[in-house]
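Engineer: I'd like to ask some things about the structure below.
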Amino acid sequence: MTHDDALDPTNPFAAPSTLPYGLPDHAAIRTEHYLPAIRAGLAEQLAEIEQIATANQDVTVENFLDAWERSGRLAHRAVTAFYNQVSAHSSPELDEIEEQVAPMLAAHHDAIYLDERLYARGKALAARAERGEVTLADDQAWLLTTILEDFERSGVALEPADKERLRALNAEISSLESQFGRTLLAEQNASAVLVEDVTELDGLPEDAIAAARQAAADRGHASGYLIELQLPTQQEVLSSLRNRELRRRVFEASVRRGGCGGEHDTRQIVLRLARLRAEHARLLGFEHHADYVAQDSTARTANAVAQMLERLAPAAVANARRDAEVLQAALEEDHPGERLAPWDWEFYSEKVRRERFEVDDAALRPYLELERVLHDGVFAAATGLYGITFTERPDLPAYHEDARVFEVHDADGSDLGLFVLDVFTRAAKRGGAWMNNLVDQSHLLGEAPVVVNNLNVPKPPPGQPALLAWDEVITLFHEFGHALHGLLSDVRYPSQSGTEVPRDFVEYPSQVNEMWAWHPEILAAYAVHHATGEPIPAEWVERKLASRQWGEGQRTTEYLAAAILDQAWHRLAPEEVPSDVEEVEAFEAAALERAGIAFELVPPRYRTTYFNHAFGGGYSAAYYSYVWSEVLDADTVEWFEENGGLDRRNGDRFREVLLSRGGSRDPMASFAELRGREPRIEPLLARRGLDAA
């Protein structure tokens, strides 16, 4: 590390945090601390890696694998805290830093993974293990295998000129992905719908109206109500708003995001990213980016992904078309002679649900108060399954006043880690819901996990309870499933901790955790009226359960349409990517039509221009992962049910075989050990109402 790279010792990242579990000292961290710490951390890691590459003794586990995993701790502390802040509570200053950091990180990755000396040391260790000169434990053998594959997938064997081109591609791709995320957040904020007349909000629950008024005030509007947009196409409010014209306004604001010109148009970024990713894949010997991504997943090939999507799509669309006929009839009762439109779908689907099953999701909200759902639902299920308990720690500083810190203890009372929960939406937070780690569990480093969950629930005015929609309850359970994957990790190496598994496997444990939202014992505990204390009526629960498959045709179709769009963009050769932003919409339409999933009443869950998973996040050519993981999820839910459901024996088994292992072995081997066989698709088909087809 040069003098210029040396870090001021007063920088909070200069030494490991002294707070419990290594929680970053957010009370001390300021914006100006991030960039110097990241620069110094990257320089420090390169010096550490240089020692690994130039060691003059025989390669061993200690001087290669252990040294590899110990390297870069300063960089890790600074980068994880920085990107957590950028995602959860950004600022123009942080955005400017990210513009510098993204290409720095890409160049840093290349400096390591294009180093032939390092690769040779890794290959030499593999050869020594093959000859019996070195003994590798199973997790070490798997780590070495994945490291060598990462070198090869990164282009270590390329000619020098191709390596230089690869470096340029990686830097620009990284910058463009960050740019897409920033542009989309700005567009999402700008697209929020302001309503001046409260009567237009007829149908929205009182707490939602109050939240909309608060949002308007927070954005500087002296009057009116602001409907902030969520990331997907369909917006939560569309199921309740009786005003058809306002539904149209909200829907069109949603689908226009990023595609109408102006400073927040994302189309040019999309086209450039698609072209560069295609060139990157070709340079590395792959037909297209989708194959490059699939090779590093459990799917292995893009064709396997395509076969899965093609199997599900026709039945899903057929179900959606049948539902559309029912909704058309419901619409005509209110608007004779009118045709059903996409902005009507959620409203009339909810109306039909109420009439068929006597379930009113709006009426459920008073029974779904955040604190009760969290403590008596999410946490209680985890305690019942794994014996872990939670204690809020208001004394520990989080990165935002809305973020709360909980200490997690194991069944024997020992310390397990920290869980940080950040529920409410704000203009500086990116859309959607996600989990990330601030500290990775690792026995090598002696570190326990610090895990963060973020959601985007409208914040109620001061003094009023936060009441959740049912989908938000499911999201809370889902994201906590990711958190459990991190909290219950029990591995040696930090790079194998918790959710460090293939992208099309990572959603599996989180989707399994959704089942406990429906569990009778758990549901009865958390679904209690926030004002009266009365339990949710038993008949409502029965009707809600009976209605689970209603609307599944639409939900499956919109998801599959997005997954197919993601694949379509990333199966292109560089020369096949459209050159004009005006061609983006036509490309979308053609891709959906070709796949047999074009249905104008059910647009994709994400259209290209606001598809953050594909163009801003880590899911490029991997959005299929949710349904791929759901095959494992549905099969595992069946296993839980066959073995007694919410039971410590089941929880301990799931923890031991799967959650605790993280990425320390082939994840499909963990599934096979749990289930005793390969996964079956039939439970998924039954869940989504596709088994008859």
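Engineer: Which residue out of 153, 77 is over 30 Å from residue 23 (Cα atoms), in contact (Cβ under 8 Å) with a residue 12 or more places away in the chain and either of a type in the set (Lys, Arg) or surrounded by fewer than 16 Cβ atoms within 10 Å (Cβ to Cβ) (or both)? Spell out how you get there, then give the answer.
Structural biologist: Numbers: 77 fails: over 30 Å from residue 23 (Cα atoms).
Only one candidate qualifies: 153.
Engineer: Would a scan of the range 406-414 turn up a residue that is touching a Leu at 6+ places or on another chain (Cβ under 8 Å) and more than 30 Å from residue 649 (Cβ to Cβ)? Please lay out each step first, then the result.
Structural biologist: So in the range 406-414, the residues touching a Leu at 6+ places or on another chain (Cβ under 8 Å) come out as 406-410.
Of the ones still in play, those that are also more than 30 Å from residue 649 (Cβ to Cβ) are none.
Among the residues of the range 406-414, not one is touching a Leu at 6+ places or on another chain (Cβ under 8 Å) and more than 30 Å from residue 649 (Cβ to Cβ), which makes the answer no.
Engineer: Does residue 576 qualify as being among the charged types (D, E, K, R), farther than 23 Å from residue 481 by Cα and without any contact (Cβ under 8 Å) to a residue 24 or more places away in the chain?
Structural biologist: Values: among the charged types (D, E, K, R): yes; farther than 23 Å from residue 481 by Cα: yes; without any contact (Cβ under 8 Å) to a residue 24 or more places away in the chain: no.
No: the conditions fail for residue 576.
Engineer: Something else: When you scan the range 86-93, do you find a residue that is of a type outside the set (A, V, I, L, M, F, W, C), part of a helix (DSSP H, G or I) and within 18 Å of residue 40 (Cβ to Cβ), even just one?
Structural biologist: Taking the range 86-93 and keeping what is of a type outside the set (A, V, I, L, M, F, W, C), we get 87, 89-93.
Then keep just the ones that are part of a helix (DSSP H, G or I); that gives 87, 92-93.
Now restrict to residues that are within 18 Å of residue 40 (Cβ to Cβ): none.
Looking through the range 86-93, none of the residues is of a type outside the set (A, V, I, L, M, F, W, C), part of a helix (DSSP H, G or I) and within 18 Å of residue 40 (Cβ to Cβ).
Engineer: Which one of these is aliphatic (A, V, I, L, M) and either under 19 Å from residue 505 (Cβ atoms) or in contact with an Asp or Glu (Cβ under 7 Å, 6 or more places away or on another chain) (or both): 591, 586, 621, 595? Spell out how you get there, then give the answer.
Structural biologist: Numbers: 591 fails: either under 19 Å from residue 505 (Cβ atoms) or in contact with an Asp or Glu (Cβ under 7 Å, 6 or more places away or on another chain) (or both); 586 fails: either under 19 Å from residue 505 (Cβ atoms) or in contact with an Asp or Glu (Cβ under 7 Å, 6 or more places away or on another chain) (or both); 595 fails: either under 19 Å from residue 505 (Cβ atoms) or in contact with an Asp or Glu (Cβ under 7 Å, 6 or more places away or on another chain) (or both).
One residue alone meets the criteria, 621.
Engineer: Please state which of the following conditions residue 263 fails to meet, knowing it meets all the rest: (1) surrounded by fewer than 19 Cβ atoms within 10 Å (Cβ to Cβ); (2) under 24 Å from the mean Cα position of the chain (by Cα); (3) among the charged types (D, E, K, R).
Structural biologist: Condition (2) is where residue 263 drops out.
Engineer: Among all residue pairs at least 6 apart or on different chains, which show Cβ distances below 6 Å where the first residue, located in the range 595-614, is part of a helix (DSSP H, G or I) and the second is acidic (Asp, Glu)?
Structural biologist: Pairs that qualify, where the first residue is part of a helix (DSSP H, G or I) and the partner is acidic (Asp, Glu), are 608/588; 614/566.
Engineer: Could I ask something else about it? Being assigned to a loop (DSSP other than H, G, I, E, B) and over 18 Å from residue 299 (Cβ atoms) is the filter here, so list the residues in the range 680-693 that pass it. Walk me through how you get there before you give the answer.
Structural biologist: Quick first cut of the range 680-693, residues assigned to a loop (DSSP other than H, G, I, E, B) only: 680-681, 688-693.
Selection gives 688, 689, 690, 691, 692, 693.
Engineer: May I pose another question? Looking only at residues that are closer than 21 Å to residue 502 by Cα and aliphatic (A, V, I, L, M) in the range 629-652, which one is surrounded by the most Cβ atoms within 10 Å (Cβ to Cβ)? Explain how you work it out, then say what you get.
Structural biologist: Initial filter on the range 629-652 (closer than 21 Å to residue 502 by Cα): 629-637.
Restricting the remaining residues to those that are aliphatic (A, V, I, L, M) gives 631-632, 634, 637.
Numbers: 631: 20, 632: 27, 634: 22, 637: 20.
Result: 632.
Engineer: Pull up the range 158-199, narrow it to residues that are touching a residue at least 24 places away in the same chain (Cβ under 8 Å) and not in a helix (DSSP H, G or I), then point me to the one that is nearest to residue 126 (Cα to Cα).
Structural biologist: Taking the candidates together, the pick is 158.
Engineer: Looking at the range 415-447 only, could you name the residues that are small (Gly, Ala, Ser), out of contact with any Leu (no Cβ under 7 Å at 6 or more places or on another chain) and not in a strand (DSSP E or B)?
Structural biologist: Let us first name the residues in the range 415-447 that are small (Gly, Ala, Ser), namely 417, 427-428, 431-433, 442, 446.
If we keep only those that are out of contact with any Leu (no Cβ under 7 Å at 6 or more places or on another chain) too, we end up with 427-428, 442, 446.
Answer for the range 415-447, where residues must be small (Gly, Ala, Ser), out of contact with any Leu (no Cβ under 7 Å at 6 or more places or on another chain) and not in a strand (DSSP E or B): 427, 428, 446.
Engineer: Among the residues of the range 163-173, is any β-branched (Val, Ile, Thr), surrounded by fewer than 18 Cβ atoms within 10 Å (Cβ to Cβ) and modelled with pLDDT of 95 or more?
Structural biologist: Kept after step one, since they are β-branched (Val, Ile, Thr), are these residues of the range 163-173: 173.
Add one more test, that the residue is surrounded by fewer than 18 Cβ atoms within 10 Å (Cβ to Cβ), and what stays is none.
Among the residues of the range 163-173, not one is β-branched (Val, Ile, Thr), surrounded by fewer than 18 Cβ atoms within 10 Å (Cβ to Cβ) and modelled with pLDDT of 95 or more, which makes the answer no.
Engineer: Something else about it: Residue check, residue 587 against (1) among the aromatic types (Phe, Trp, Tyr); (2) free of Cβ contacts under 8 Å to residues at least 60 places away in the same chain; (3) within 19 Å of residue 179 (Cβ to Cβ), all met but one. Which one?
Structural biologist: The failed condition is (3).
Engineer: Taking the range 483-531 on its own, how many of its residues are part of a helix (DSSP H, G or I), farther than 16 Å from residue 451 by Cα and aliphatic (A, V, I, L, M)?
Structural biologist: Final tally of qualifying residues: 7.
Engineer: Taking the range 241-288, which residues are part of a helix (DSSP H, G or I) and among the β-branched types (Val, Ile, Thr)?
Structural biologist: At the first step, the residues of the range 241-288 found to be part of a helix (DSSP H, G or I) are 244-256, 267-283.
Residues satisfying the conditions are 250, 255, 269, 270.
Engineer: Looking only at residues that are touching an Asp or Glu at 6+ places or on another chain (Cβ under 9 Å) and of a type outside the set (A, V, I, L, M, F, W, C) in the range 298-321, which one is nearest to residue 500 (Cα to Cα)?
Structural biologist: Filtering first and then ranking leaves 298.
Engineer: With (1) part of a loop (DSSP other than H, G, I, E, B); (2) farther than 23 Å from residue 298 by Cβ as the list, and residue 677 as the residue in question, which single condition is left unmet?
Structural biologist: It is condition (2) that residue 677 fails.
Engineer: Something else now. Tell me which of these residue 147 doesn't satisfy, since it passes every other one: (1) under 30 Å from residue 268 (Cα atoms); (2) modelled with pLDDT of 95 or more.
Structural biologist: Of (1) under 30 Å from residue 268 (Cα atoms); (2) modelled with pLDDT of 95 or more, only one is false for residue 147: (1).
Engineer: In the range 499-521, is there at least one residue being surrounded by fewer than 19 Cβ atoms within 10 Å (Cβ to Cβ), aliphatic (A, V, I, L, M) and more than 13 Å from residue 658 (Cα to Cα)?
Structural biologist: No: zero hits.
Engineer: Which members of the range 653-685 meet the condition of being touching a helix residue (DSSP H, G or I) at 6+ places or on another chain (Cβ under 8 Å) and surrounded by fewer than 16 Cβ atoms within 10 Å (Cβ to Cβ)?
Structural biologist: 668, 673, 678, 680
Engineer: Same structure, new question: Among the residues of the range 573-597, what is the count of those that are of a type in the set (A, V, I, L, M, F, W, C) and surrounded by fewer than 19 Cβ atoms within 10 Å (Cβ to Cβ)? Talk me through it step by step, then tell me what you get.
Structural biologist: Quick first cut of the range 573-597, residues of a type in the set (A, V, I, L, M, F, W, C) only: 573, 577, 581, 584, 586-587, 589-592, 595, 597.
Still in the running and surrounded by fewer than 19 Cβ atoms within 10 Å (Cβ to Cβ): 573, 581, 586, 589-590.
Count: 5.
Engineer: Given the structure, is residue 406 assigned to a strand (DSSP E or B), within 28 Å of residue 34 (Cα to Cα) and in the same structural domain as residue 509 (by TED's automatic domain parsing)? Steps first, please.
Structural biologist: Values: assigned to a strand (DSSP E or B): yes; within 28 Å of residue 34 (Cα to Cα): yes; in the same structural domain as residue 509 (by TED's automatic domain parsing): yes.
Taking the combined requirement at face value, the residue satisfies it.
Engineer: Which of the residues belonging to the range 106-134 are assigned to a helix (DSSP H, G or I) and without any contact (Cβ under 8 Å) to a residue 12 or more places away in the chain?
Structural biologist: Looking only at the range 106-134, we keep the residues that are assigned to a helix (DSSP H, G or I), and these are 106-113, 116-130.
Within the range 106-134, 120, 127, 130 qualify.
Engineer: Provide a single number: the residues in the range 618-628 that are surrounded by 20 or more Cβ atoms within 10 Å (Cβ to Cβ) and more than 17 Å from residue 681 (Cα to Cα).
Structural biologist: The number of residues fulfilling the criteria is 5.
Engineer: For residue 598, work out the one condition from (1) more than 16 Å from residue 233 (Cα to Cα); (2) touching a Leu at 6+ places or on another chain (Cβ under 6 Å) it doesn't fulfil.
Structural biologist: In the conditions (1) more than 16 Å from residue 233 (Cα to Cα); (2) touching a Leu at 6+ places or on another chain (Cβ under 6 Å), residue 598 misses (1) alone.
Engineer: Scanning for something in a helix (DSSP H, G or I), among the hydroxyl-bearing types (Ser, Thr, Tyr) and over 27 Å from the mean Cα position of the chain (by Cα), does the range 217-229 turn up at least one residue? If you could, list the steps in order and put the result at the bottom.
Structural biologist: First, the residues of the range 217-229 that are in a helix (DSSP H, G or I): 217-218.
Okay, now just the ones that are also among the hydroxyl-bearing types (Ser, Thr, Tyr), so none.
No, there is no match, as no residue in the range 217-229 is in a helix (DSSP H, G or I), among the hydroxyl-bearing types (Ser, Thr, Tyr) and over 27 Å from the mean Cα position of the chain (by Cα).
Engineer: Consider the range 53-68. How many of its residues are in a helix (DSSP H, G or I) and either among the hydrophobic types (A, V, I, L, M, F, W, C) or buried (at least 20 other Cβ atoms within 10 Å of the Cβ) (or both)? Give the steps one after another, and end with the answer.
Structural biologist: Let us first name the residues in the range 53-68 that are in a helix (DSSP H, G or I), namely 53-54, 61-68.
From the residues that got through so far, the ones that are either among the hydrophobic types (A, V, I, L, M, F, W, C) or buried (at least 20 other Cβ atoms within 10 Å of the Cβ) (or both) too are 53, 61, 64-65, 67-68.
Qualifying residue count for the region: 6.
Engineer: For the condition in contact (Cβ under 8 Å) with a residue 12 or more places away in the chain, surrounded by fewer than 22 Cβ atoms within 10 Å (Cβ to Cβ) and under 27 Å from the mean Cα position of the chain (by Cα), what is the one hit in 563, 568? Show your work before the answer.
Structural biologist: Details: 563 fails: surrounded by fewer than 22 Cβ atoms within 10 Å (Cβ to Cβ).
That would be 568, the only listed residue that is in contact (Cβ under 8 Å) with a residue 12 or more places away in the chain, surrounded by fewer than 22 Cβ atoms within 10 Å (Cβ to Cβ) and under 27 Å from the mean Cα position of the chain (by Cα).
Engineer: For residue 95, which of the numbered conditions (1) surrounded by 16 or more Cβ atoms within 10 Å (Cβ to Cβ); (2) among the charged types (D, E, K, R); (3) in contact with a Leu (Cβ under 6 Å, 6 or more places away or on another chain) fails to hold?
Structural biologist: (3)
Engineer: Here's another thing I want to ask about it. Output the residue which, of all residues in the range 174-202 that are of a type in the set (S, T, N, Q) and within 28 Å of residue 91 (Cα to Cα), is surrounded by the most Cβ atoms within 10 Å (Cβ to Cβ).
Structural biologist: Filtering the range 174-202 for residues of a type in the set (S, T, N, Q) gives 174-175, 178-179, 183, 188-189, 191, 199.
Now restrict to residues that are within 28 Å of residue 91 (Cα to Cα): 174-175, 178-179, 183, 188-189, 191.
Working: 174: 18, 175: 18, 178: 20, 179: 21, 183: 21, 188: 23, 189: 16, 191: 20.
So, considering only residues that are of a type in the set (S, T, N, Q) and within 28 Å of residue 91 (Cα to Cα), the one surrounded by the most Cβ atoms within 10 Å (Cβ to Cβ) is 188.
The values are calculated or read from the model by the stated rules, or taken from the named source; none is laboratory data. These numbers were taken from a predicted model, which means no experiment stands behind them. Every residue, glycine as well, gets a Cβ built from its backbone with ideal geometry; the counts of neighbours run over all protein chains shown.
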